[in-house]
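Shown next, in structure tokens, is the structure this report addresses.
The values are calculated or read from the model by the stated rules, or taken from the named source; none is laboratory data. Quick caveat, the model's predicted, so the values are computed rather than measured. Cβ placement follows ideal geometry from the backbone for every residue including glycine, while neighbour counts extend to all protein chains displayed.
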Amino acid sequence: MRLPKTGTIEVAPSILSADFARLADEINEVASAGVNIIHLDVMDGHFVPNITIGPPVIAKLRKVSNLVFDTHLMISEPAKYAEAFVGAGADHITFHIEVVDEPENLIEKLHELGVTVGICLNPKTPVERIEKVARLCDMVLVMTVEPGFGGQDFIPEAAKKIRRVREIVGPETRVEVDGGIDTQSTPIVVSYGADTIVAGSAIFSKPDRVAAVNAIRESFEF
């Protein structure tokens, strides 16, 4: 599976807010809403103050889903573990600019492994940090909360960086946004140029996951 080509706005449900006791059912439910991407938050308890899933869980989920696995490595050593995540079934790997000294090398390695690649910047990280490598990537992820936990409040100032990112990468690279995304913040980030919308609690905290996905879609259909 590959990231969808640009030209569409995609909702990517984040399983960080899902019921981990029934992850396969949760993923299948949002798949029935017609989503193409599922967002997998990988946390190591070091780069961010939380621990989530690793390659063994992704390998199990791969057996029950054909969605694009958008794997967000919020970890201190992405180069060390990237190949294991690809082997487990990740289709796309995003890593943080804050932890990689030579991002060009990791981007090249990941492309050689056959996956698409994203680079991410935290709310306090200036866009200039990714300017030289953003166009080498298939997607740029702008965090609109501090990474580490779901359910945080959207940071409007961080979202404004989407405009500059879109200027840098042009129309052929996806611009993803993650953090505090719901029906209120989605139209804001879409107006700035985001086309890949990660939503966690706004979907998985609702009793009807399909209706929640559709509500987010309706919020950006101007």
Inside the stretch 90-107, the number of residues satisfying the requirement of being at pLDDT below 95 and of a type in the set (A, V, I, L, M) is 0
Scanning the stretch 52-69 for residues that are buried (at least 17 other Cβ atoms within 10 Å of the Cβ) and out of contact with any Gly (no Cβ under 8 Å at 6 or more places or on another chain), the one farthest from Leu121 (Cα to Cα) turns out to be Ser65
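Going through the stretch 103-133 one residue at a time, which ones are among the β-branched types (Val, Ile, Thr) and in a helix (DSSP H, G or I)?
Result: Ile107, Val127, Ile130.
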By residue number, the members of the stretch 137-170 that are modelled with pLDDT of 95 or more, acidic (Asp, Glu) and not in a helix (DSSP H, G or I) are Asp138
Here is a check on your reading of the model: is Ala59 small (Gly, Ala, Ser) and either free of Cβ contacts under 8 Å to residues at least 12 places away in the same chain or within 22 Å of Ser14 (Cα to Cα) (or both)?
yes
Checked the stretch 204-219 for anything in a loop (DSSP other than H, G, I, E, B) and either of a type in the set (Gly, Ala, Ser) or under 12 Å from Asp182 (Cβ atoms) (or both); matches are Ser205, Lys206
Here the residues within the stretch 193-222 that are of a type in the set (S, T, N, Q) and either surrounded by 23 or more Cβ atoms within 10 Å (Cβ to Cβ) or within 16 Å of the chain's Cα centre (by Cα) (or both) are Thr196, Ser201
With the first residue restricted to the stretch 25-46 and required to be closer than 22 Å to Tyr81 by Cα and at pLDDT below 95, and the second required to be assigned to a strand (DSSP E or B) and of a type outside the set (Gly, Ala, Ser), Cβ contacts under 6 Å at 6 or more apart or on different chains are Gly45/Ile51
Practice prompt. Check whether at least one residue in the stretch 84-99 is more than 12 Å from the chain's Cα centre (by Cα), surrounded by fewer than 19 Cβ atoms within 10 Å (Cβ to Cβ), free of Cβ contacts under 8 Å to residues at least 24 places away in the same chain and more than 30 Å from Asn214 (Cβ to Cβ), and report yes or no.
Written response: no
inquiry  = Please verify whether Val165 is touching a Lys or Arg at 6+ places or on another chain (Cβ under 8 Å) and either over 24 Å from Ile75 (Cβ atoms) or touching a residue at least 12 places away in the same chain (Cβ under 8 Å) (or both), treating the condition exactly as stated.
reply    = no
### Task
Confirm whether Leu16 is modelled with pLDDT under 95 and either touching an Asp or Glu at 6+ places or on another chain (Cβ under 7 Å) or surrounded by fewer than 19 Cβ atoms within 10 Å (Cβ to Cβ) (or both).
yes
Quick check: is even one residue across the stretch 178-192 part of a loop (DSSP other than H, G, I, E, B), of a type in the set (Asp, Glu) and buried (at least 17 other Cβ atoms within 10 Å of the Cβ)? yes
